[in-house]
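Okay, handing you the structure first.
The values are calculated or read from the model by the stated rules, or taken from the named source; none is laboratory data. Since this is a predicted model, take the numbers as computed values, not measurements. Note that we place each Cβ from the backbone using ideal geometry, even for glycine, and neighbour counts take in every protein chain shown.
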Amino acid sequence: MAAIISIQNLVKDFRLGEVPLRVLKGISFEIERGEFVAIMGPSGSGKSTLMNILGCLDIPTSGSYTLDGISVGQLESDELADIRSRKIGFVFQQFNLLARTSAVENVELPLLYTDTPAAERRERAQRALLAVGLAGREEHQPGQLSGGQQQRVAIARALVNDPGIILADEPTGALDSRMGLEIMAIFQQLNRVKGITLVVVTHDAEIASYARRTLHFKDGRLQKDERVEYPRNAAADLQAGGSDDGGSAFDTAQARKDPPLREVAHARSAS
Amino acid sequence: MKKLLTSARIALRALRVNRTRSALTMLGIIIGVAAVIAMVGVGAGATERIQAQIQSIGSNLIIVLPGSISSNGVRLGSGGVATLTTDDAKAIADECPSVAVTAPTVRGGAQVVYGSNNWATVVQGVTPDYMTLRDYTMMSGQFFTTQDVDASAKLAVLGETVTQNLFGDSDPTGQVVIIKNVPFIVSGVLTPKGQSPTGQDQDDVILLPISTATQKVLGVNKANAKAVGSVMVQATSPEAIDQAIQEMEALLRERHRILPGLEDDFSIRNLTEVFAAQESSAQVMAVLLGAIASVSLIVGGIGIMNIMLVSVTERTREIGLRLAVGAKRRDILSQFLVEAVTLSLAGGIIGILVGVTTSFSISYFAQWSTDIGVMAVAVSFLFSALVGVFFGYYPARTAAFLNPIEALRYE
């Protein structure tokens, strides 16, 4: 498979007064299409800066970054916006949903900046909400949804443009562990079923253990590139975790086979 | 275009979400536009009233009066000598190309009697051209004709005030009134003109054929049987007034055989000029009122800018998010610009309604005449849109050039 992300000797400096501060000190790696990668590292390791560059929100000082065959190197802000619109979905720690705006309208947001007709926008937004198990909550506003549900609306928003890659910056950081697990289950399912490439930044090793590959950063350098053959299954862990409060264990295979229905059921029962 | 529609939709949604704030922001523009329309309306009403008064005298009017004459160093006052004649009036009409119509008039006071009623009024001897010249129309009956003038017919045309005092509400046409012991048949009643710009009642008058008036009522001037009190002259157009004055001056000096270097024995007054001063003072007033009101419109615009800046700061994260999910800088720019323009235009429309209502209330309750010009409405509507663009641009630009990374992290 071709690499969707290819980074060669990436350097990023920030100018703070006279002396430039080198945040990324020459990083090289590739991410293949369909991978599920966690990026770990302590604060100040440069992982957020790397995420911003991967997300085409920022440009590197030197080195090359090729996203899906396009050299992002030194593009203009409008061209970067276009790439973000077509190829990348973002999930943030703080959800960043528009307040007092319904879930379906929140999900539609990225489509407003494309030439999608209104009817198609609505249909795709509803489909994306269905995919994250929030069918029937289209008209709920963020204030009427739980944290986990809000993050799922945010994931639907990231999905709605059919991006090849989703970048998630501490997606579970503002959630309790069970809700975090739900989010990871959705991510695993999107990765497995739709083949979407996922890059998740986290400082939580527990969360990273659901990814098939983990990149460890420290002090602006890639320290370790770890791969696991069989990562943990979030859907299964969710069921197993459920047994703590008396729920029965659930067949992992079945959870894998039919997760959307299960998500819908969960969403209904949570309301 | 489609992009703009999308921006408009996003902007409207944002305005709906913050209803109270949107309404309060609009209030500034509403008051501004309403003030402009009401004030300009009051000013235009005042100007129009003066114009109507000037119009009631007749348009492009010049008046020629017999002048002073000095004999052996003693100067007689204006009109002191009967130097102006009906022949002069005829010559002016015939020989001055810039003159349309002339009307010689004689004037005097008389007691008018009908049955047991009597009334002291102004009697004017005129020709039928006087009616054209003063823009008179008949409320009932008819004006006398040139033949009547030639035949010294005993016909009288009454003004409204005279009619009211002698006849009450009944129609006087065909009745006989006695003026200085001479019976006259009333041939018609003039349509009322109201006050002149100098405050005189223009309807307190009786018009007689000039021949009859001099011979039977006012008396023939002993020095000159053809002498008239004044000659009213109408120029062919407002621009021709100055030319007409020059032509008349030359003609009359020639006819009166005045040697170069000696003073005129007549005087020519441009009536339009006299009242133009009044009109321009009313216009200055109108402009001042409009200017003061415009200030409030600008203050309203600053209010929009203020709120838009607050809104941009408050929605920094939202802007960052929009940029992250693919909005271009111009999308953000047009979104905030459309928000500002929508606020100002909606405020403008409501302001126009409020302003028109206020204008009507002023004319109804204060009895001031107001005039809502289509221009004032159109200009304030356009101006309110401009206010939106002008005061919305800076906040919109601020929003569009936010750094998406910092905006997303903004607390």
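Which strands (runs of 3 or more DSSP E) sit wholly inside segment B:132-219 and have at least 3 residues that are within 31 Å of the chain's Cα centre (by Cα)?
On the way: elements: B:138-141, B:155-158, B:176-179, B:182-190, B:205-209.
Of the strands (runs of 3 or more DSSP E) lying wholly inside segment B:132-219, those with at least 3 residues that are within 31 Å of the chain's Cα centre (by Cα) span B:138-141, B:182-190, B:205-209.
For the condition hydrophobic (A, V, I, L, M, F, W, C) and more than 14 Å from the chain's Cα centre (by Cα), what is the one hit in A:Val132, A:Val107? Before the answer, list the steps.
Values: A:Val132 fails: more than 14 Å from the chain's Cα centre (by Cα).
None of the other options fit; the residue is A:Val107.
Before we move on, is B:Ser344 within 14 Å of chain A (Cβ to nearest Cβ) and either touching a Leu at 6+ places or on another chain (Cβ under 6 Å) or in contact (Cβ under 8 Å) with a residue 12 or more places away in the chain (or both)?
Numbers: within 14 Å of chain A (Cβ to nearest Cβ): no; either touching a Leu at 6+ places or on another chain (Cβ under 6 Å) or in contact (Cβ under 8 Å) with a residue 12 or more places away in the chain (or both): yes.
So B:Ser344 does not fit the description; no.
So, in segment A:51-91, of the ones that are polar (S, T, N, Q) and within 14 Å of chain B (Cβ to nearest Cβ), which residue ends up farthest from the chain's Cα centre (by Cα)?
Residues of segment A:51-91 polar (S, T, N, Q): A:52, A:61-62, A:64, A:66, A:71, A:74, A:77, A:85.
Checking the rest, the ones that are also within 14 Å of chain B (Cβ to nearest Cβ) come to A:52, A:77, A:85.
Values: A:Asn52: 13, A:Ser77: 22, A:Ser85: 15 Å.
Among those that are polar (S, T, N, Q) and within 14 Å of chain B (Cβ to nearest Cβ), it is A:Ser77.
Here is a yes/no grid of residues against (1) surrounded by 24 or more Cβ atoms within 10 Å (Cβ to Cβ); (2) modelled with pLDDT of 85 or more; (3) within 14 Å of another protein chain (Cβ to nearest Cβ); (4) not in a helix (DSSP H, G or I):
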| position | (1), (2), (3), (4) |
| --- | --- |
| B:Ser22 | no, yes, yes, no |
| B:Ile29 | yes, yes, no, no |
| B:Val33 | yes, yes, no, no |
| B:Val40 | yes, no, no, no |
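Spot the failing condition for A:Lys12; the list is (1) within 14 Å of another protein chain (Cβ to nearest Cβ); (2) within 22 Å of the chain's Cα centre (by Cα); (3) farther than 29 Å from A:Ala185 by Cα, and only one is missed.
With (1) within 14 Å of another protein chain (Cβ to nearest Cβ); (2) within 22 Å of the chain's Cα centre (by Cα); (3) farther than 29 Å from A:Ala185 by Cα applied to A:Lys12, the lone miss is (2).
Look at B:Gly159 and say whether it is under 28 Å from B:Ala52 (Cα atoms), in contact with a Pro (Cβ under 8 Å, 6 or more places away or on another chain) and modelled with pLDDT of 85 or more. Give the steps one after another, and end with the answer.
Working: under 28 Å from B:Ala52 (Cα atoms): yes; in contact with a Pro (Cβ under 8 Å, 6 or more places away or on another chain): yes; modelled with pLDDT of 85 or more: yes.
When the stated conditions are applied, B:Gly159 passes them.
Do we find a residue being more than 28 Å from A:Met184 (Cα to Cα), modelled with pLDDT of 90 or more and within 14 Å of chain B (Cβ to nearest Cβ) anywhere in segment A:36-50? Explain how you work it out, then say what you get.
Going residue by residue through segment A:36-50, those that are more than 28 Å from A:Met184 (Cα to Cα) are none.
No.
Search segment B:27-41 for residues that are closer than 12 Å to B:Ile292 by Cα and pair each with any residue that is outside any helix (DSSP H, G or I) when their beta-carbon atoms are under 8 Å apart and the residues are at least 6 apart or on different chains.
From residues that are closer than 12 Å to B:Ile292 by Cα, the pairs are B:Ile37/B:Ile372; B:Ala38/B:Thr370; B:Val40/B:Gly373.
Quick test for you: out of B:Leu309, B:Leu289, B:Leu343, pick the one residue that is crowded, with 23+ Cβ neighbours inside 10 Å and either part of a helix (DSSP H, G or I) or assigned by TED's automatic domain parsing to the domain that holds B:Gly199 (or both). Walk me through how you get there before you give the answer.
On the way: B:Leu309 fails: crowded, with 23+ Cβ neighbours inside 10 Å; B:Leu289 fails: crowded, with 23+ Cβ neighbours inside 10 Å.
Matching residue, one of B:Leu309, B:Leu289, B:Leu343: B:Leu343.
Residue-by-condition table, conditions (1) surrounded by 15 or more Cβ atoms within 10 Å (Cβ to Cβ); (2) among the basic types (Lys, Arg):
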{"site": "A:Gly63", "(1), (2)": "yes, no"}
{"site": "A:Asp68", "(1), (2)": "yes, no"}
{"site": "A:Gly73", "(1), (2)": "no, no"}
{"site": "A:Ile83", "(1), (2)": "yes, no"}
{"site": "A:Lys87", "(1), (2)": "yes, yes"}
{"site": "A:Leu97", "(1), (2)": "yes, no"}
{"site": "A:Thr101", "(1), (2)": "yes, no"}
{"site": "A:Val107", "(1), (2)": "yes, no"}
{"site": "A:Glu120", "(1), (2)": "no, no"}
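Checking B:Ile298 against (1) β-branched (Val, Ile, Thr); (2) touching a Ser or Thr at 6+ places or on another chain (Cβ under 8 Å); (3) not in a loop (DSSP other than H, G, I, E, B): exactly one of these is not met. Which one?
So B:Ile298 meets the others, but not (2).
Return the residue satisfying two criteria in turn: it lies in segment B:361-378 and is free of Cβ contacts under 8 Å to residues at least 12 places away in the same chain and outside any loop (DSSP other than H, G, I, E, B), and of such residues it is nearest to B:Lys328 (Cα to Cα).
Start the filter on segment B:361-378 by keeping residues that are free of Cβ contacts under 8 Å to residues at least 12 places away in the same chain, which leaves B:361, B:364-367, B:374-375, B:378.
Among the residues that remain, those that are also outside any loop (DSSP other than H, G, I, E, B) are: B:361, B:364-365, B:374-375, B:378.
Numbers: B:Ser361: 49, B:Tyr364: 54, B:Phe365: 55, B:Val374: 40, B:Met375: 39, B:Ala378: 34 Å.
Taking the candidates together, the pick is B:Ala378.
Is it the case, given these coordinates, that B:Gln246 is surrounded by fewer than 17 Cβ atoms within 10 Å (Cβ to Cβ), assigned to a helix (DSSP H, G or I) and free of Cβ contacts under 8 Å to residues at least 40 places away in the same chain? Before the answer, list the steps.
Working: surrounded by fewer than 17 Cβ atoms within 10 Å (Cβ to Cβ): yes; assigned to a helix (DSSP H, G or I): yes; free of Cβ contacts under 8 Å to residues at least 40 places away in the same chain: yes.
The answer is yes for B:Gln246.
Find the residue count for segment A:36-75, including only residues that are of a type in the set (Val, Ile, Thr) and touching a residue at least 40 places away in the same chain (Cβ under 8 Å). It would help to see each step written out before you state the result.
From segment A:36-75, those of a type in the set (Val, Ile, Thr) are A:37, A:39, A:49, A:53, A:59, A:61, A:66, A:70, A:72; that's our starting set.
With the extra rule that they be touching a residue at least 40 places away in the same chain (Cβ under 8 Å), the set shrinks to A:37, A:39, A:53, A:61, A:66.
Qualifying residue count for the region: 5.
Condition first: in contact (Cβ under 8 Å) with a residue 12 or more places away in the chain and assigned to a loop (DSSP other than H, G, I, E, B). Now tell me which residues in segment B:220-230 satisfy that. Reasoning before the result, please.
Our first condition is that a residue be in contact (Cβ under 8 Å) with a residue 12 or more places away in the chain; within segment B:220-230, this holds for B:221, B:223-224, B:226-230.
B:Asn221, B:Ala223, B:Asn224, B:Lys226, B:Val228, B:Gly229 - these are the residues of segment B:220-230 that are in contact (Cβ under 8 Å) with a residue 12 or more places away in the chain and assigned to a loop (DSSP other than H, G, I, E, B).
Among the helices (runs of 4 or more DSSP H) contained in segment A:92-210, which hold 3 or more residues that are within 14 Å of another protein chain (Cβ to nearest Cβ) and without any contact (Cβ under 8 Å) to a residue 24 or more places away in the chain? Before you say what the answer is, go through the steps one by one.
Values: elements: A:103-112, A:118-131, A:147-159, A:177-189, A:205-208.
Ranges flagged: A:118-131.
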